[in-house]
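Asks: To start, I am sharing the structure in question, which I have written as structure tokens.
The values are calculated or read from the model by the stated rules, or taken from the named source; none is laboratory data. Remember, predicted model here, so these are calculated numbers, not experimental data. Note that we place each Cβ from the backbone using ideal geometry, even for glycine, and neighbour counts take in every protein chain shown. Heads up: the accessible areas ignore ligands, DNA and RNA and are worked out on the full protein's heavy atoms, side chains in. Shrake-Rupley method; radii C 1.70, N 1.55, O 1.52, S 1.80 Å.
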Amino acid sequence: MDKTKIDLSTINDTNNPGITKCPYCGHNEFYIKMRYSGTGFFYHSFDGKPAENSGMYDCITSSTVGKFAYCPKCGKKVFRIKK
């Protein structure tokens, strides 16, 4: 059983979370849950070549879901996020 204790009451900024790795497994990334809404446009070319789609998400809005950041490797909460 993992006895690692972390402080989930302190709010951290995702750009500077105050930790450098998952305190449980040592993984060096985290994720936050997001919700996306809107309509985008995906362009195709008639000649089969890739079309310019850099603006396909310009009309999409996003919002953070939940209050925590998670480790993608072990799935545990690693810190509370600032919304």
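Asks: Over the chain, what is the mean sequence separation of C-alpha contacts under 8 Å (at least six apart), divided by residue count, expressed as relative contact order in percent? Mind dumping the intermediate values first?
Replies: On the way: 122 pairs, mean separation 31.5, N = 83.
Relative contact order for the chain comes out at 38 percent.
Asks: Here's a follow-up. So, with a 1.4 angstrom probe, what is the percent of accessible area on the chain that is carbon and sulfur?
Replies: 52
Asks: Within region 1-37, whose backbone N sits under 11 Å from a point 7 Å along Cα→Cβ of K82?
Replies: Residues 11-18 qualify, since their backbone N sits under 11 Å from the label point.
Asks: Okay, next question. Run the lone-cysteine check on the chain: no other Cys C-beta under 4.7 Å from the residue's C-beta.
Replies: C59
Asks: Which Cα, out of G18, S37, L8, lies furthest along the positive dipole direction of the chain (beta carbon charges, K/R +1, D/E -1)?
Replies: L8
Asks: Between (1) 54, 40, 19; (2) 39, 23, 20; (3) 58, 24, 22, which matches Cα extents along the principal axes in Å calculated for the structure shown?
Replies: (3)
Asks: So how far apart, in nm, are the two label points at S37 and V65 if each is 7 Å from Cα heading toward Cβ?
Replies: About 1.3 nm, to one decimal.
Asks: I've got another one for you. State, to one decimal in nm, how far the label point of I19 lies from the label point of S45, with both points 7 Å from Cα in the Cβ direction.
Replies: Each label point is offset 7 Å from its Cα along the Cβ direction, giving 4.6 nm.
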